[in-house]
Amino acid sequence: MSEPGSPVIASRTRSKAWTAYTADPLSVVGLVIVVAIVLLAIFAPFVTPYPDHVGPTGDFAAMTAPPSGDYWFGTDMIGRDLFTRIIYGYRLSLIMAVVVLAIATPIGVIVGLVAGYKGGWTDYILMRITDVFLAIPPLVLAMAIMGFLQPTLLNGMLAITAMWWPWYARLIYNVTRAEAQEGYVLAAETVGASTAHILFREILPNCWPSILTKMTLDVGFVILMASSLSFLGLGVQPPTPDLGSMVADGAKYMPDAWWLTVFPAVAILLVVLGFNLVGDGLREAFEAES
Amino acid sequence: MLHGISLHIQPGEKVALVGESGSGKSVTARLAMGLLQDQKRAHVSGSIWFDGIDAAKGGPEIARRRGNRVAMIFQDPTSALNPTFKIRGQFRDVLRSGDRSISKNEADRRAEAALAEVSIPDPKRALDSYAFQLSGGMNQRVMIAMALANRPQLLIADEPGTALDVTVQAQTLKLMHELTEKTGTSVLLISHNLGVVREFADRVYVIYRGRIVEHGTTAQLFHDPRHPYTRALLAAIPKISGGGLPDLPERSPEFESPLIVHEGCGEPTEAFA
Amino acid sequence: MSNILRSLLHRLGAALIVMIGISMLIFAIARVMPGDPARIALGPNATAEQVAALRVERHLDASLPVQYWEFVKSLAQGDLGKSLYTNRPVTTDIAQFLPATLELVFVSGILMVLIGLPIGILSAHFRGRFPDHVGRLISLLGVCTPAFVWGVILQLVFGYFWGWFPIEGRLLEGTPIPAGPTGFYLIDMAMAGNGAGFLDALHHLILPALALAMSGLGQTARLTRSNMNEVYERPYVEMARAYGFPARRIATRYAFRPALIPTLTILGLEFAAMLGNAFLVEKVFGWPGLSRYGVEVILRKDLDAIVGTVLIIAAAFLIVNIIVDILVNVINPRIRLAAGRA
């Protein structure tokens, strides 16, 4: 017999969402992968066996060594421990993904909210601009931007951000268009609420589930895109450890030093897969709660 | 969830299953077609006897009879027809359920005849249309023609035409009545509309929250309702227009009282074959 | 057919507007970025005179609208400028490298549809059972793995270890390169009646095409599955089951066709994404397409060549999407017949 909104009820909804999340064992697997990778990346200096192999030098005595007890994933052509470099690669990838999404999401969300709510010419112009960005294959747009910039970490993030925001604009635009017709928005309009209030206090809260789900999925896909750029030599430059360039460098030594390619390749797969599974689970959880 | 539902339908008989929405009417209809039993969530107890088999068990026995020995008419005919195929293709597949080796020409000929039988003015044109090009009433006729095309023993009509307007609904029932009389097809009518039931059915089952609560001939049931729930239903009729059935606002413990079977409506001595 | 023609014209008009937008965007990227484009293009060793000459040649001293107007004028004449890297017109370069890329992308697109749709259908048909789990795993791995990772793994296993397929290139050394006319080796070989050459070209195509197809294939299977699962709940599928239509026929026709319509729209996007991912796969398999050229001109800051390459790919992307839109209209009778009445 608890009052509405009491802690008992709150915890019940939480556990309902959690039940929905854990209903698919794959979502749990994804969560384990993500937590493991994030922890390894954060504590990289403490958990990696050879943190000094991040730079341009390694153990020249152990060049191109196959996987062993000393070097779990083997070493590269200048004797750097691959496991260490992959963990640092994760660190870099995750930082990139967080920065890209932290910039692209607000831009896209604001464009989508304004275009969807205002309608008319504002809608037409903003969404045609969005369409133009969406009409170029993502990788090609990022490449084109990199074409006029120096290949550095910062510019790589800039290029990916520029191609990422339109997807959020499109998503939020569609949600806003639907929500703008809802009673609670009309009620707020009737009492004379400001546009900013309606956009950010009334409509935006209803977009959070879609935004959070998409952001989770996108951590994986930003990493995928960043590694694709650096695989082409258009991203982070050596000696900074980067998963995409590790695969590109390793491919030159196939098939004898297969580990140089296979481990970074699987590392990319794993992190994208992990965030994808968590994203799918989150979607289920949000649906169960609403 | 259904509890000990037990239905018997004699050859040529018209039986109605009455209850409010959510009482398990449609589920019963689908169980009778063997459509739900392969789902893991379905827990069935009870039996639906028809054509010498227990349809409530599901499985290949009832599956083999679908579309030929037993057919179904849906609530909204337009959404029950596939929007990406012309009527012709769907009608051919219906006829193939009755006769695997039927030729295309023969199927088309029979389809045209079946559509003429339900008074569709230009059967060839109807066959070459998509459901969304025809009116709801036309689609209802197409549906009835399909249902009866293979001369089934049993026709299950799930709220026929409630998605359509009242005149079309009345036409539908009239047409169904005429044709099933002619072919000797038994009908299981699923409805929440007591007016329709009274006019159409020989015998009535009343269902409440997944349980049959009263069973009798139409006359017995309407003149002498014995179960508290049936009484409540009948008492509610005058208050609403159109003969529809209100959601009775309060659950009453009385409604949970056991099944009442009227005289002469017990288990049949011989199963209907 | 006139309704389809009309919708085609309508879509071409919309595509033209987007194309103008793209040209503005690319132009903006090329001009707004910091630094003197002429200096960047010529590199630090060029003399001040050379830089000045290039600035005049490219109208770089004029105002931005004038520059854009010059840019559009030459575009309209089919002139994409000159590559400073190859010292040839950009159109000549692209004409040389584009067919190899398009052949790869088309074959991948075919694989995506031929493998992705059946996996999706089987998954939906056997929902929650073994084939569904396998199908979901394949689509998950497809979607989550970058094309170049598929490339190196397929190359390592089927090329290096098992030797079933060649490691790189479009043809074996010694196989004469077909003279034309399409630049698609499969078609050229077939037209020349060269059976061995055709098989050789196909043999070289399979691994890269599969690597490129995997992501779209996974997405296709995933969407087909979820759209079909939704369609399975519709009354018309229940009707098909109630009338005893065979389960296989329901899966491949009555549930599949309505589910295909929403899937197809996304397929266009996936196909277009392949135009970008082709860059990755081409690098893995040494495929002599636009990729090597594109990356090279980007690293060399070869302005006209970058702009030309991006414009061509964007145009190809738009054309593919128009084709997909038309296909959707043809398949969906509701739209086809509505367009006819209008």
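Loop-located GluC sites (Glu not before Pro) in the stretch C:174-256 (DSSP state other than H, G, I, E, B) with a sparse environment of at most 14 neighbouring Cβ atoms within 10 Å: C:E233. Taking chymotrypsin sites (Phe, Trp or Tyr not before Pro) as exposed when their DSSP state is a loop state and no more than 16 other Cβ atoms lie within 10 Å, the longest site-free interval of chain A runs over A:73-252. Quick one: grab the alpha carbon gyration tensor of the stretch A:95-157, order the square roots of its eigenvalues as a ≥ b ≥ c, and give me rounded if a/c is under 1.5, else prolate or oblate depending on whether a/b is larger than b/c. It comes out oblate by the Cα gyration axes. Name the aspartates and glutamates eligible as straight-distance cross-link partners of A:K252: C-alpha to C-alpha under 15 Å, and not fewer than 8 places from it in the same chain. Result set, ordered by chain and number: A:D76, C:E168, C:E282.
How far is helix C:64-76 tilted off the main Cα axis of chain C, in degrees rounded to 10, range 0 to 90? Helix C:64-76 and the main axis of chain C meet at about 60 degrees. Among B:K25, B:K57, a tally of other beta-carbon atoms within 10 Å of each Cβ gives an order, fewest to most, of B:K57, B:K25. Contact order, relative form, for the stretch A:110-214: 35 percent (alpha carbon pairs under 8 Å, 6 or more residues apart, mean separation divided by residue count). Listed from fewest to most Cβ neighbours within 10 Å, the set A:I95, A:I33 follows the order A:I95, A:I33.
In the protein assembly as shown, taking the dipole from charged Cβ atoms about the Cα centre, the farthest positive-side position among A:L82, C:G193, B:F91 is held by B:F91.
Mean per-residue shielding of peptide A:142-154 is 6, counting Cβ atoms of other chains within 10 Å of each Cβ. Pairs of Cα atoms in the stretch B:62-168 fall into 5 Å distance bins, from 0 up to the last occupied one, in shares of 2, 14, 24, 26, 22, 10, 2, 0 percent.
Here's the list of lysines a cross-link from C:K73 could span, going by alpha-carbon distance under 16 Å and ignoring same-chain residues fewer than 8 apart: C:K82. In the protein assembly as shown, taking the dipole from charged Cβ atoms about the Cα centre, the farthest positive-side position among A:V185, A:L232, C:A52 is held by A:V185. Evaluate peptide C:278-284: per residue, the Cβ atoms of other protein chains within 10 Å of its Cβ; return the mean as an integer. For peptide C:278-284, the averaged partner shielding equals 5. For chain A, a crude dipole built from +1 on the beta carbon of Lys and Arg and -1 on the beta carbon of Asp and Glu, taken about the Cα centre, is about 360 debye to the nearest 20. Listed by chain and number, the aspartates and glutamates whose C-alpha is less than 15 Å from the C-alpha of B:K182, apart from same-chain residues fewer than 8 away, are B:E13, B:E117.
Using a ≥ b ≥ c from the Cα gyration tensor of the protein assembly as shown (square roots of the eigenvalues), is it rounded, prolate or oblate, where a/c under 1.5 gives rounded and otherwise the larger of a/b and b/c decides, a/b for prolate? Prolate shape, in that a/c is at least 1.5 and a/b is the bigger ratio.
Here the Karplus curve 6.51 cos²θ - 1.76 cosθ + 1.60, taken at θ = phi - 60°, turns the phi angles of the stretch C:228-242 into couplings of 5, 4, 5, 5, 4, 7, 6, x, 6, 7, 4, 4, 4, 6, 5 Hz, with x standing for Gly and Pro. Summary value for chain A: 27 percent relative contact order, contacts being C-alpha pairs under 8 angstrom separated by 6+ residues.
With K and R counted +1 and D and E -1, the other residues having a Cβ less than 10 Å from that of C:S83 yield a net charge of -1. For the stretch C:55-166, the calculated P(r), taken from all Cα-Cα distances in 5 Å bins from zero up to the bin holding the longest distance, is 2, 9, 10, 12, 12, 10, 9, 9, 8, 8, 7, 4, 1, 0 percent.
With viscosity set to 1.567 mPa s at 4 °C, what whole-number translational diffusion coefficient in µm²/s follows for the stretch C:156-268 from Stokes-Einstein and a Kirkwood radius over Cα pairs? For the chosen part, D equals 74 µm²/s.
Counting, for every residue in C:147-158, the Cβ atoms of other protein chains within 10 Å of its Cβ and taking the mean gives 6. Sites counted here are chymotrypsin sites (Phe, Trp or Tyr not before Pro) in a DSSP loop (not H, G, I, E or B) having no more than 14 other Cβ atoms within 10 Å; the longest part of chain C that contains none of them is C:165-342.
Using C-alpha pairs under 8 Å with a sequence gap of at least 6, the mean separation divided by the residue count of the stretch A:108-171 gives a relative contact order of 50 percent.
May I ask for the angle, rounded to the nearest 10°, between helix C:256-284 and the longest principal axis of chain C, with both axes built from Cα atoms and the value confined to 0 to 90°? Taking the Cα atoms of chain C, the angle to C:256-284 is about 40 degrees.
Residue exposure proxy: A:L232, C:L16, A:L273, ordered by other Cβ atoms within 10 angstrom of their Cβ from fewest to most, comes out as C:L16, A:L273, A:L232. Distance from the alpha carbon centroid of the stretch B:118-180 to that of the stretch C:262-279 works out to 43 angstrom. Helix C:2-32 and the longest principal axis of the C-alpha atoms of chain C enclose an angle of approximately 40°. Would you mind telling me which residue in C:A305, C:A192, C:A147 has the biggest mean-square fluctuation in a Gaussian network model of chain C, where springs connect alpha carbons within a distance under 10 angstrom? Answer for the Gaussian network model of chain C: C:A192. When each full DSSP H helix of chain A is screened for a Cα extent of at least 18 Å along its own axis and an average Kyte-Doolittle hydropathy of at least -1.0, the helices passing are A:7-23, A:25-42, A:82-118, A:120-134, A:153-179, A:204-231, A:259-289.
A short reminder: the numbers here are calculations on the coordinates, not readings from a lab. All values reported here derive from a predicted model rather than from experimental measurement. In this analysis, Cβ positions are derived from the backbone assuming ideal geometry, glycine residues included, and neighbour counts consider all displayed protein chains.
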